[in-house]
Amino acid sequence: MTFRTRFAPSPTGPLHLGHAYSALLNSDLAREAGGEFLLRIEDIDRARSKPEWEMQIYDDLHWLGLVWPDPVMRQSDRLPVYEAALDRLWDRGLLYSCTCRRADIAAAIAAPQEGSLPLGPDGLIYPGTCRHARPRTGPRPRDLPLRLDLSTAVADGHEFRFRETGEHPGDVIFDKPDLIRDVGDIVLSRRDMGTSYHLSVVLDDAAQEISHVVRGGDLFEATRIHVLLQDLLDLRTPIYHHHRLIRDEAGKRLAKRDDARAIALYRSEGRSPADIRAMVRLEAGP
Ligand code: GLU
């Protein structure tokens, strides 16, 4: 299989140093392996995605010296693929619609639970309020969020694993009790998107035949959700490489709102791509 990586930004704000590091590392690793680097635009959040941010992404990445094949995959073009996967899971009785708001979930958890609320990679771990409250037969509901019924979806004793080659290399192994405790019944289709980050990313990595998913360590915990979905949808599990995060002077991870570290700003100040590499402590490129 071709060594293939991807950088998958969401066009919801300017790319900052953390994005530059991730994109450059993806491209460097692919080049060193004689493989291919792809770009994917993750724009399922229609309310926050803006064409001007997408244009800025292309511009910043070209300036950094990155090249990728055309056409670029855009998630907004792939809604039928996500719908088909949801239909498959719905037809198997693995999804249920949910009307809980965040406050309802917090209240349901807080009652039996003293202290802090259990948080998984996808927010509060769902207490299961709607799990058996609505029919799972008939057409798939389009106007409500859909959750995955983890207990039904995963067989007892089934073991999942993935290979990690990033900061903490090794085989990561987990099972049903781990998922029930740490992940819960996650939302696979959001009301306003008709899909979710987790479902889309898994289907797209498979469609683009990504062999190595290289991304920030903040997504390490979410990878268990991705491996679970690959299992349920009969998709290959790639190798994962979760890299260090670029932090500000106070040690805080950079976010989209950290415009002070936007690549565009460094560019306007006359910095070079080599300066950016030095700032994120990446060796010189080609
Ligand atoms: N669109 C995601 C982000 O910008 C990328 C997630 C991934 O690389 O899997 O954080």
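Does the range 101-110 include one or more residues that are outside any loop (DSSP other than H, G, I, E, B) and of a type in the set (Val, Ile, Thr)?
yes
Consider the range 69-80. How many of its residues are in a helix (DSSP H, G or I) and either surrounded by fewer than 17 Cβ atoms within 10 Å (Cβ to Cβ) or without any contact (Cβ under 8 Å) to a residue 12 or more places away in the chain (or both)? Show your work before the answer.
From the range 69-80, those in a helix (DSSP H, G or I) are 75-77, 79-80; that's our starting set.
Adding the requirement that they be either surrounded by fewer than 17 Cβ atoms within 10 Å (Cβ to Cβ) or without any contact (Cβ under 8 Å) to a residue 12 or more places away in the chain (or both) leaves 76-77, 79-80.
Qualifying residue count, the range 69-80: 4.
Just name the residue that is surrounded by the most Cβ atoms within 10 Å (Cβ to Cβ) out of those in the range 205-221 that are within 9 Å of the ligand (Cβ to nearest atom) and in a helix (DSSP H, G or I). Explain how you work it out, then say what you get.
So the first thing to find is which residues in the range 205-221 are within 9 Å of the ligand (Cβ to nearest atom), and the list is 205, 213-216, 218-219.
Filter once more, keeping what is in a helix (DSSP H, G or I): 205, 218-219.
Details: Asp205: 24, Asp218: 12, Leu219: 16.
Per the criteria, the residue is Asp205.
Total residues in the range 190-221 satisfying the condition of being over 25 Å from His158 (Cα atoms) and among the small types (Gly, Ala, Ser): the figure is 4. Name the residue, out of Leu38, Leu86, Leu117, Leu95, that is hydrophobic (A, V, I, L, M, F, W, C) and within 14 Å of the ligand (Cβ to nearest atom). That would be Leu38, the only listed residue that is hydrophobic (A, V, I, L, M, F, W, C) and within 14 Å of the ligand (Cβ to nearest atom).
Any residue in the range 34-41 that is small (Gly, Ala, Ser), in contact with a strand residue (DSSP E or B) (Cβ under 6 Å, 6 or more places away or on another chain) and open to solvent by 20 Å² or more (accessible area, probe 1.4 Å)?
Within the range 34-41, the first condition is being small (Gly, Ala, Ser), and the residues that meet it are 34-35.
Narrowing further to those that are in contact with a strand residue (DSSP E or B) (Cβ under 6 Å, 6 or more places away or on another chain): 35.
Applying the additional criterion that residues be open to solvent by 20 Å² or more (accessible area, probe 1.4 Å) yields 35.
Checked against the condition, which is being small (Gly, Ala, Ser), in contact with a strand residue (DSSP E or B) (Cβ under 6 Å, 6 or more places away or on another chain) and open to solvent by 20 Å² or more (accessible area, probe 1.4 Å), the range 34-41 yields at least one hit.
In summary, Arg224 fulfils each of the numbered conditions (1) within 11 Å of the ligand (Cβ to nearest atom); (2) under 22 Å from Glu159 (Cβ atoms) with the single exception of condition (1). Inclusion of Leu66 among residues that are away from the ligand (no atom under 12 Å from the Cβ) and part of a loop (DSSP other than H, G, I, E, B) is warranted.
Of the numbered criteria (1) more than 19 Å from Tyr240 (Cα to Cα); (2) open to solvent by less than 10 Å² (accessible area, probe 1.4 Å); (3) within 12 Å of the ligand (Cβ to nearest atom); (4) under 17 Å from the mean Cα position of the chain (by Cα), the one Ser10 fails is (2).
With respect to Ala47, determine if the residue is more than 14 Å from the ligand (Cβ to nearest atom), in contact with a His (Cβ under 9 Å, 6 or more places away or on another chain) and not in a strand (DSSP E or B).
Numbers: more than 14 Å from the ligand (Cβ to nearest atom): yes; in contact with a His (Cβ under 9 Å, 6 or more places away or on another chain): no; not in a strand (DSSP E or B): yes.
In short, no.
Out of the residues in the range 259-286 meeting the condition of being at pLDDT below 75 and in contact with a Pro (Cβ under 9 Å, 6 or more places away or on another chain), tell me which one is surrounded by the most Cβ atoms within 10 Å (Cβ to Cβ). Top of the filtered list is Gly285. Against the numbered list (1) open to solvent by less than 20 Å² (accessible area, probe 1.4 Å); (2) more than 16 Å from the ligand (Cβ to nearest atom), Ser200 comes up short only at (2).
The values are calculated or read from the model by the stated rules, or taken from the named source; none is laboratory data. Not measured: the values here are computed from a predicted model. Quick reminder, even Gly has a Cβ in these numbers, built from the backbone with ideal geometry, and neighbours come from all protein chains shown. These area figures cover heavy atoms from the full protein model, side chains too; ligands, DNA and RNA do not enter into them. Shrake-Rupley method; radii C 1.70, N 1.55, O 1.52, S 1.80 Å.
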